[in-house]
Amino acid sequence: MKTIDELLSEGVAGKRVFVRADLNVPLDGTRITDDGRIRAVLPTVKALADAGARVVVASHLGRPKGAPDPAFSLAPAAARLGELLGADVAFAADTVGESARTAVAGLADGQVAVVENLRFNAGETSKDDAERGAFADRLAALADVYVGDGFGAVHRKHASVFDLPARLPHYAGHLIATEVGVLRKLTDDVKRPYAVVLGGAKVSDKLAVIDQLLGKADRLLIGGGMVFTFLKAKGHEIGSSLVQEDQIPVVREYIERAEKNGVELVLPVDVVVAPEFPDLKTKAPGRPSTVAADAMPAGQMGLDIGPESRKLYASKIADAATVFWNGPMGVFEHPDFAEGTKAVAQALLDSQAFTVVGGGDSAAAVRILGFDENAFGHISTGGGASLEYLEGKTLPGLAALED
Ligand SMILES: Nc1ncnc2c1ncn2[C@@H]1O[C@H](COP(=O)(O)OP(=O)(O)OP(=O)(O)O)[C@@H](O)[C@H]1O
Ligand SMILES: O=C(O)[C@H](O)COP(=O)(O)O
């Protein structure tokens with residue numbers, strides 16, 4: 001994979017460089033609640049601009065349906081990029097149309113433009129190779145060189161990620177190079193004991209990852225919404241908690257395989273429950289109570305791991321040599337259900353282990369709960385992307401950058 005350093009040494013002054021970033025940031029209306037992903041691509045954009053390139057930045061935001069939708073405009077992200085760069089950033093109101101062509105044509109050396117959300121175009125995410133290819137042709141017309149730096153999206157076989165680099169000289173940006181360098185350490189020669197902490201709400205995505213991790217990790221600590229599919233598979237009552245009913249047989253097989261492979265599968269011994277999902281806007285009292293994990297009352301919903309589990313999880317993290325953490329332990333957005341996530345974050349910081357936090361929500365949780373992000377070994381900008389990398393899958397956006 002050629003990197004941006006090679007591109008810079010070849011010289012980029014006057015060239016139009018297309019940077020595929022992941023500016024898919026959480027928004028409250030038009031207010032960005034966590035700008036980590038914009039800050040993460042700054043080194044690449046800055047290096048190119050400083051070297052005199054005409055930089056065209058593109059990204060998706062959210063999951064619009066292949067047509068313009070103002071709720072998913074990249075305008076707030078473009079404005080924030082300009083603030084962080086300390087420079088004017090032009091914004092095109094479309095992705096490959098008149099506005100984009102004019103914005104790019106108007107760039108002087110060292111200037112930056114952002115084009116509108118890639119997913120406002122059906123060709124970006126199409127399953128049809130020809131349709132994606134046609135959109136990639138239109139993107140290619142905007143640039144002379146491609147730099148892939150949207151690590152959070154490299155697991156997507158989308159036009160700007162997969163098809164466009166085939167049409168232009170292509171290089172990996174600083175963020176992709178860093179992310180791959182760190183995650184490779186977790187796949188090539190991981191220092192053991194290797195503990196993986198999995199939580200969050202995207203249960204079906206993450207259950208598939210466990211299949212692979214059972215052959216790689218020494219310890220698997222389960223938290224978040226995934227817990228209840230495991231507890232149910234063990235025959236326990238789980239009340240009205242999140243559950244993936246169709247995965248119960250699969251989870252039973254995981255429990256057996258963990259035992260056979262000598263992988264320590266750690267489940268909560270107690271859970272924090274409430275009568276209903278908390279109101280995250282008003283933060284009205286969540287009416288939490290703590291119960292044993294094998295004695296959850298019917299009608300209650302599990303929303304965090306309990307105090308005994310926090311101690312247990314911290315002890316399993318304390319003497320690990322490597323820890324990968326993806327997904328909050330509970331509904332951390334509400335103070336009544338944030339303690340499990342806080343305890344795991346603190347345990348990572350207290351351990352001597354090499355620690356990697358992966359996932360948009362996990363990284364945001366760390367920052368929102370007030371932890372110093374620089375104290376962790378690495379905070380990945382990719383949730384699904386980092387998990388799929390660890391699964392050993394070929395990621396389209398990385399394969400496309402190879403020659
Ligand atoms: N017990 C639970 N019940 C319901 N939701 C939960 C529970 N525990 C955690 N969550 C929710 O999980 C969400 C985060 O899950 P997600 O799987 O998206 O994390 P992530 O992998 O860090 O993010 P991403 O994949 O978007 O990069 C949070 O909004 C949190 O409230
Ligand atoms: O948030 C993410 O994980 C990335 O930006 C990819 O977004 P997607 O899951 O909508 O493809």
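The values are calculated or read from the model by the stated rules, or taken from the named source; none is laboratory data. Note that the structure is a prediction, hence the values are computed from the model and not measured. Note: ideal-geometry Cβ built from the backbone for every residue, glycine included; neighbour counts use all protein chains shown. SASA here: full protein model, heavy atoms, side chains in, ligands and nucleic acids out. Shrake-Rupley method; radii C 1.70, N 1.55, O 1.52, S 1.80 Å.
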Using a 10 angstrom cutoff on alpha carbons, build the Gaussian network for the chain and name the most mobile of A365, A284, A100. A284
Using a simple spin-label model with points 7 Å from Cα along the Cα→Cβ vector, what separation in nm is obtained for L107 and A122? 2.9 nm
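Pull out the extension gain between K2 and D137, defined as 0.36 nm times the separation in residues minus the alpha carbon to alpha carbon distance; nm, one decimal.
Numbers: separation 135, 0.36 × 135 = 48.60 nm, distance 2.20 nm.
Gain on stretching K2 to D137: 46.4 nm.
Going down the list K206/K234; K234/K393; K232/K316; K283/K342; K202/K232, which pairs span over 21 Å between their C-alpha atoms? It would help to have the intermediate numbers written out before the result.
Values: K206/K234 19 Å; K234/K393 30 Å; K232/K316 23 Å; K283/K342 18 Å; K202/K232 17 Å.
Too far apart for the 21 Å limit: K234/K393; K232/K316.
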Filtered hits (aspartates and glutamates, Cα-Cα < 12 Å from K281, offset >= 8 within chain) -> D28, E333
Mind grabbing the accessible area of R184 for me, 1.4 Å probe, Å², rounded to tens? 110 Å²
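Within the chain, what percent of beta bridges assigned by DSSP are antiparallel, to the nearest 5?
On the way: 10 of 50 bridges.
For the chain, the DSSP antiparallel bridge percentage is about 20.
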If one computes the Cα centroid of the stretch 12-90 and of the stretch 362-403, what distance in Å separates the two points? 18 Å
Expressed in nm to one decimal, what extension gain is obtained for the pair L84 and L369 from 0.36 nm per residue of sequence separation less their Cα-Cα distance? 100.3 nm
Where the centroid of each part is defined by its Cα atoms, how far is the stretch 96-119 from the stretch 231-308 in Å? 48 Å
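For the chain, give the magnitude of the charge dipole about the Cα centre (Cβ charges: +1 Lys/Arg, -1 Asp/Glu; no others), in debye to the nearest 20. Working shown, then result.
Details: 42 positive and 54 negative charges, 8 e Å.
That gives a dipole near 40 debye.
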Global form of the stretch 245-375, assessed from the alpha-carbon gyration tensor, a/c cut-off 1.5: oblate
With Cα springs under 10 Å, the Gaussian network model of the chain assigns the largest mean-square fluctuation among P193, P278, P249 to P249
Pick out which of K283, K157, K206 has the largest mean-square fluctuation in a Gaussian network model of the chain, springs linking Cα atoms closer than 10 Å. K283
With labels modelled as points extended 7 Å from the Cα through the Cβ direction, what inter-label distance (nm, one decimal) is found for R39 paired with E264? 3.3 nm
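Multiply the residue gap between T394 and A75 by 0.36 nm, knock off their C-alpha separation, and tell me the result in nm, one decimal place. Write down the numbers at each step before the final one.
Values: separation 319, 0.36 × 319 = 114.84 nm, distance 3.22 nm.
Roughly 111.6 nm would be gained on extension.
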With +1 assigned to the C-beta of every Lys and Arg and -1 to the C-beta of every Asp and Glu, and no other charges, what is the dipole magnitude of the stretch 246-403 about the Cα centre in debye, to the nearest 20? 260 debye
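Ignoring ligands, DNA and RNA, what percent of the 1.4 Å accessible area of the stretch 1-132 is carbon and sulfur?
Details: 2900 of 5690 Å².
That fraction is 51 percent.
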Per-residue ellipticity at 222 nm attributable to helices in the chain (runs of n ≥ 4 DSSP H, -39500 (n - 2.57) apiece, nearest 500 deg cm²/dmol) works out to -10500 deg cm²/dmol
For the stretch 44-184, just say rounded, prolate or oblate: build the C-alpha gyration tensor, square-root its eigenvalues into a ≥ b ≥ c, call rounded for a/c under 1.5, and beyond that prolate if a/b exceeds b/c, oblate if not. rounded
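Probe of 1.4 angstrom, ligands and nucleic acids ignored: what's the accessible area per residue over the chain, in square angstrom? Walk me through the numbers on the way to the answer.
Details: 16270 Å² over 403 residues.
Dividing the accessible area of the chain by its residue count gives 40 Å².
Report the calculated FRET efficiency for A13 and D211 (r = Cβ-Cβ distance, R0 = 51 Å), to the nearest 0.05. Display every interim value, and only then the final one.
Details: r = 49 Å, r/R0 = 0.96.
Working from the Cβ atoms, E equals 0.55.
If you roll a 1.4 Å probe over the stretch 268-403 with all protein chains in place, what percent of the accessible area is carbon or sulfur? Could you put the intermediate results ahead of the total?
Working: 2760 of 5380 Å².
Exposed carbon and sulfur together represent 51 percent of the surface.
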